[in-house]
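Beneath this line is the structure, given in structure tokens, with notes to follow.
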Amino acid sequence: MTAREQDTAPAPEAARAGRRLPVADARQVARAVRAALGGRWWALAGVAAILTAGAAADLIAPAALGGLVDAVQSGESGTAWLWRLGAAMVVGALVGAVLTAAGVVTASRLYETVIARLREQMVARAFELPQGMVEEAGSGDLVSRATDDVAEISQAAPRIVPALTGSLFTIAVTVVGIAVVDYRYALAVAVIVPVHVFAVRWYLRNAPQVYAAQRAAMAERAHHLLTSLHGIETVHAYRLQDRHNGRIARASWEVVGWELRARVVQNRFFGRLNAAELLGMTGLLVVGYLLVTNDLGTLGGATTAIMFFIRLFNPINNLLIVIDDLQSALASLARIVGVIDALPDPRDPCDPSRTGPADAAGEGAGEAGSAAAPAAGPAVPSADTGGNGPVLALKDVEFHYDPARPVLSGVSLEIGRTETVALVGASGAGKSTVAALAAGVHEPTAGTVRRPPATPQRDRDLVLITQEVHVFAATLRENLTLAAPSADDDQVRAALTTVGADTLLARLPEGLDTVVGTEGHSLTPAEAQLLALARMVLADPAVAILDEATAEAGSAHAGALDSATAAALSGRAGLVVAHRLDQAKACDRILVIESGRIIEEGTHDGLRARGGTYATLWEAWSRKAAQ
């Protein structure tokens, strides 16, 4: 929600909840990870080999300790055996530590590279998604995937693969070692297997849906928080603080609730693992006692078996505990890959691939319309078509977020190649929605939209400027050449001169090389909007749509901004959502919209003479301006 108008607000909560960005399945996740590895399977194999060697070296110490016990019990003389066993224990510990550290470092480099590639792919794909699709899901959904989910994977990845590789080998070798000491020790250890199997199956049955719900709740909280911050002026103006605080509080408690459920699942899981450790240690002690007291085994053998089993605590627990990390990370990874593989719903009116019959001719690649395009009435005709038809046309357009609450009904208009058309009306009448449909931000529920064809620089020869102008923390030149990377300094200066911003250039100490934005010279709201208009001049589109693009600068700069707008629109088609009626007065034609329908059309003088809605709006505007 923004201060300028509420007709582009997101869909109601219930409707939006069913339109979240997709979550990938296991096959999609595996495919994305393979692609992110980029053929570096040799690196993954190297990590596994290093960690496996480290795990093997760690088994030397408990084996040597068992030999030490037997040597002491047998009364072996001399100290050579003691030094040999001691050296073996030290060397084993050092080699194991070095190899494990090397494996973790190598693994971290590999995993961070994969995570970075996935995040880059997700961000790139997010920019390609239809804006309507993102808005329907809620900005918090996308933001939480780029922050919370990426952070979850970054924290879990360094733990997961080392545990899977090193722990599996350690468990396998240690169990074999216990069996070599005496098969009866291995039987005693085997009793813990059913407990572990039961614990894992219980966990896998309960944990995934808890983590998925936890991630969704975090996305919902982020959505409400971002919505409130973005529309903070409207929230204060309409005294909606309590309502928004309530939504944020409810969403936050929902996150807390799922966090607590996740901790309950984890604690029950770890309790089962501790029960298995107690059962295994008890069994080994009983078997060892029976073997030693009946001269069927040695004290050193019992010590070795017990030390091996103690040595199993960490790898078994790491392997099973990592299931917790793995479930959480997979839930996050599925959400990230869901964005990468996201495809617009063919039934979605926000899908730009939908093309209506009237769009089939004369449209460039990627142009959109509606599959259903009834011819309910004539479009508002263009005063200047140049003999080749309008460059922008909406025909019988309808749009809604909620089918029970239509935003637009039967809107038709045409704009000629050098014509400027103003769209005026009360707040909430549907002006910004018409602009969004014309620009391709949304696509109509019904009807067709004909836009200029694609160019090598953009998917359609059209530019949209809203009142939310951003100044990047970069040089003035870089801020402007975003719209035309190949533009030279002379073209940049000419664009600034066209919109009357040459005085801005003159006051900056380093000219085009001056850093502006948060890390440099700050620009006034009026200067920021002049910067946006200069960008448009450099882009040189066939159609420019200005959705209250000069509304934030204040009345003191209105005249200069109106002149800049007129200069920027010269020679091209323009659709201007007018915040001030004196700006509409200067346009070639004026369309008046009310309750989602165009009710009047004509010139300023003609509409005033008619004495209708526009005349009433003008009188009210004139009185306010005179005060």
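Of all residues in region 219-274, those being among the hydroxyl-bearing types (Ser, Thr, Tyr) and over 23 Å from the mean Cα position of the chain (by Cα) number 2. The condition (being within 31 Å of the chain's Cα centre (by Cα), at pLDDT below 75 and in a helix (DSSP H, G or I)) is satisfied by just one residue among ILE321, ILE310: ILE321. Inspection of region 568-579 finds a residue satisfying the criterion of being in contact with a helix residue (DSSP H, G or I) (Cβ under 6 Å, 6 or more places away or on another chain), in a helix (DSSP H, G or I), buried (at least 17 other Cβ atoms within 10 Å of the Cβ) and not polar (S, T, N, Q). Within region 277-306, being part of a helix (DSSP H, G or I), at pLDDT below 75 and open to solvent by 60 Å² or more (accessible area, probe 1.4 Å) holds for one residue alone: LEU299. Of the residues screened, GLY54 is not one that is modelled with pLDDT of 65 or more and within 31 Å of the chain's Cα centre (by Cα).
Taking GLY500, is it touching a strand residue (DSSP E or B) at 6+ places or on another chain (Cβ under 6 Å) and of a type in the set (Gly, Ala, Ser)? Full working, then the answer.
Numbers: touching a strand residue (DSSP E or B) at 6+ places or on another chain (Cβ under 6 Å): no; of a type in the set (Gly, Ala, Ser): yes.
Spelling it out, it is not the case that GLY500 is touching a strand residue (DSSP E or B) at 6+ places or on another chain (Cβ under 6 Å) and of a type in the set (Gly, Ala, Ser).
Rundown of residues vs (1) surrounded by 19 or more Cβ atoms within 10 Å (Cβ to Cβ); (2) at pLDDT below 80; (3) farther than 28 Å from ALA213 by Cα, yes/no style:
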residue	(1), (2), (3)
THR100	yes, yes, yes
PHE127	no, yes, no
ALA156	yes, yes, no
PHE169	yes, yes, yes
VAL181	yes, yes, yes
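Is it true that some residue in region 83-95 is surrounded by 13 or more Cβ atoms within 10 Å (Cβ to Cβ), modelled with pLDDT under 80 and either assigned to a loop (DSSP other than H, G, I, E, B) or among the polar types (S, T, N, Q) (or both)? There is no residue in region 83-95 that is surrounded by 13 or more Cβ atoms within 10 Å (Cβ to Cβ), modelled with pLDDT under 80 and either assigned to a loop (DSSP other than H, G, I, E, B) or among the polar types (S, T, N, Q) (or both).
Under the condition of being part of a helix (DSSP H, G or I), touching a Phe, Trp or Tyr at 6+ places or on another chain (Cβ under 7 Å) and open to solvent by less than 70 Å² (accessible area, probe 1.4 Å), the residues counted in region 585-617 number 1. Any residue at all in region 554-567 that's free of Cβ contacts under 8 Å to residues at least 60 places away in the same chain, in contact with a helix residue (DSSP H, G or I) (Cβ under 6 Å, 6 or more places away or on another chain) and surrounded by 19 or more Cβ atoms within 10 Å (Cβ to Cβ)? Among the residues of region 554-567, at least one is free of Cβ contacts under 8 Å to residues at least 60 places away in the same chain, in contact with a helix residue (DSSP H, G or I) (Cβ under 6 Å, 6 or more places away or on another chain) and surrounded by 19 or more Cβ atoms within 10 Å (Cβ to Cβ), which makes the answer yes. Of all positions in region 486-498, at least one carries a residue that is out of contact with any Asp or Glu (no Cβ under 9 Å at 6 or more places or on another chain), closer than 27 Å to ALA584 by Cβ and either surrounded by fewer than 22 Cβ atoms within 10 Å (Cβ to Cβ) or of a type in the set (S, T, N, Q) (or both). Annotation note: of ALA190, ALA217, ALA199, the sole residue that is touching a Leu at 6+ places or on another chain (Cβ under 7 Å) and farther than 30 Å from GLN467 by Cβ is ALA199. With respect to the conditions (1) modelled with pLDDT of 75 or more; (2) open to solvent by less than 40 Å² (accessible area, probe 1.4 Å), ASN267 lacks only one, and its number is (2). Checked against (1) of a type outside the set (S, T, N, Q); (2) closer than 22 Å to ALA620 by Cα; (3) open to solvent by less than 30 Å² (accessible area, probe 1.4 Å), ASP582 passes all but condition (3).
Answer with yes or no whether LEU505 is assigned to a helix (DSSP H, G or I) and within 24 Å of GLY574 (Cβ to Cβ). Here the answer is no, as LEU505 does not meet what is asked.
Considering region 386-431, and only residues there that are hydroxyl-bearing (Ser, Thr, Tyr) and part of a loop (DSSP other than H, G, I, E, B), the residue that is surrounded by the most Cβ atoms within 10 Å (Cβ to Cβ) turns out to be THR418. As for region 334-342, it holds at least one residue that is under 30 Å from ARG221 (Cβ atoms), outside any helix (DSSP H, G or I) and at pLDDT below 80. Taking (1) among the small types (Gly, Ala, Ser); (2) within 31 Å of the chain's Cα centre (by Cα); (3) in a helix (DSSP H, G or I); (4) under 29 Å from ALA426 (Cβ atoms) in turn, ALA534 satisfies each apart from (4).
Restricting region 216-239 to residues that are outside any helix (DSSP H, G or I) and open to solvent by 30 Å² or more (accessible area, probe 1.4 Å) leaves a set whose member that is nearest to LEU291 (Cα to Cα) is ARG239. Quick check: anything in region 457-465 open to solvent by 20 Å² or more (accessible area, probe 1.4 Å), touching a residue at least 12 places away in the same chain (Cβ under 8 Å) and over 30 Å from LEU394 (Cβ atoms)? Within region 457-465 (the criterion being open to solvent by 20 Å² or more (accessible area, probe 1.4 Å), touching a residue at least 12 places away in the same chain (Cβ under 8 Å) and over 30 Å from LEU394 (Cβ atoms)), the answer is no, since none of the residues qualifies.
The values are calculated or read from the model by the stated rules, or taken from the named source; none is laboratory data. Computed from a predicted structure; not experimentally measured. As a convention, Cβ positions derive from the backbone with ideal geometry for all residues, glycine included, and neighbour counts pool all protein chains shown. Surface areas here come from the heavy atoms of the whole protein model, side chains and all, with no ligands, DNA or RNA. Shrake-Rupley method; radii C 1.70, N 1.55, O 1.52, S 1.80 Å.
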